Amino acid sequence: MKDFFELNRVIKLRIIMMFLGIFSYSTAGASMAIYYNQNMGSAVTGILLIIGSIVSFLTGIFSGHQADLRGRRPIMLIGGIVSILGASLAAFANSPAFFDPWLTFFGFLIFSFGSGLSGTAAEAMLVDITDSENRKIVYSLGYWVINLAIAFGSAISGWFFRDYLFELLLFILICTVINLLIVVLWIPESFDPKRLNDHQRNSLLQAYRRVSKDKIFMIYLISLIFMSIFYAQFEYALPVHLSNTFKSIRFFGFQIYGQRMLTIMLLINTVLIVLFLSTVRKVTNHWSNKKGVLIGALCTGIGFAIALFSQIFVLEIIAILLETIGEMILVPFSQALTAEMMNPNQAGAYSGMVTITGPVAAFLTGLSVSGTAFYGDIGLGLIILFVTGGVLITAFPAITMHEKKKQGT
């Protein structure tokens, strides 16, 4: 906590906003797939989730461009207002006097649009107000807060989602209003759009074409996609692998089968990150970028590979321990590097470009899971080892070119 209190006021407020937003959303949003499945059926649920992902992706692209043209704060304000409208609609659609699952979906879709607007602009603001000296600390704290918020939010969701959905949606609405008030009262603008040259005041496509011409960043973006494939395993490959092949055991009288094994692994991952991320950051604080990415990627990749190769409890525990150590090393280094490689005059567009990594990684991971009919879980493990190599052979050249550029050579 000492690191948190030493940061400037705006960064501290951004971290508080991050916690409130993710914590409140996790209380209900994390279980909405169950809600849609129960009320609309699995086929419709899949389509709705795809629509939500597409909207989030397109919103991030749009928001990044607008944050460069109009400033970060106006987009965060608009996004906050839109999010309040969406949360209000979702709460109304599940109130004691009214129930409509389709209206709930549109409420969450509007909420996602608003969150995408404010979230991408806020990421650009974080790039504006941090520097190479404090970025690893800031992004480590942000990552820690995200895991803590998800842990608390998911726990509350598990206990209260079924019987108290309306109250949880009201809680999301209240936290969204609080976050908007924080922006209105205490968050100043961090970027003056007047800094842009005339040739930078261009259309959305032209803005992203300019980003795509940044060779160093685009090479590193490929590495970020590979890294995102790592973390997509928790949502795609691991659940399928564990449910299909994990050998159930009894542990202290409880039966541990595939789904429970996944829950145990996620719990271990979250608890370790919350308890030890600060310690890992201090140990690795003076490492070079290449060393951090190398050791982090290897531990993460090998950990996931062991998890996908294995069918027994002990190896799955070893796998998640190794993966979590790698994750705690890799994420702060990769996020700080992402911020450093951005053109500060186009941090919004660069942040918007980064939003493609999640959907692309999800698509590729989904394809790899579909292919298990041909190559099985062993094939999934080999794919993760390939992804690990992909991280390194794209990140290392980008880091080398970036460091040479910083030195002016």
Counting only residues that are among the basic types (Lys, Arg) and in contact (Cβ under 8 Å) with a residue 12 or more places away in the chain, which one in the stretch 267-297 is surrounded by the most Cβ atoms within 10 Å (Cβ to Cβ)? Arg281
List pairs: first residue in the stretch 238-251 and free of Cβ contacts under 8 Å to residues at least 24 places away in the same chain, second residue among the β-branched types (Val, Ile, Thr) and crowded, with 18+ Cβ neighbours inside 10 Å anywhere in the structure, Cβ distance under 7 angstrom, at least six positions apart or on different chains. Ser248/Ile256
For the stretch 221-236, check the following and say yes or no: at least one residue is over 19 Å from the mean Cα position of the chain (by Cα) and of a type in the set (D, E, K, R). no
Go through the residues of the stretch 58-74 one by one and say whether even a single one is surrounded by fewer than 20 Cβ atoms within 10 Å (Cβ to Cβ), more than 14 Å from Leu117 (Cα to Cα), in contact with a helix residue (DSSP H, G or I) (Cβ under 8 Å, 6 or more places away or on another chain) and in contact (Cβ under 8 Å) with a residue 12 or more places away in the chain. no
Given the residues Phe160, Phe108, Phe166, Phe152, which is the only one that is surrounded by fewer than 23 Cβ atoms within 10 Å (Cβ to Cβ) and under 22 Å from the mean Cα position of the chain (by Cα)? Phe152
If the requirement is being touching a residue at least 60 places away in the same chain (Cβ under 8 Å) and within 26 Å of Asp377 (Cβ to Cβ), which of these qualifies: Ile317, Ile312? Ile312
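Readers should treat all values here as calculations from the given coordinates under stated rules, not as data from a laboratory. Small disclaimer: the values here were computed from a predicted structure and weren't measured. Every residue, glycine among them, receives a Cβ derived from its backbone with ideal geometry; neighbour counts consider all protein chains shown.
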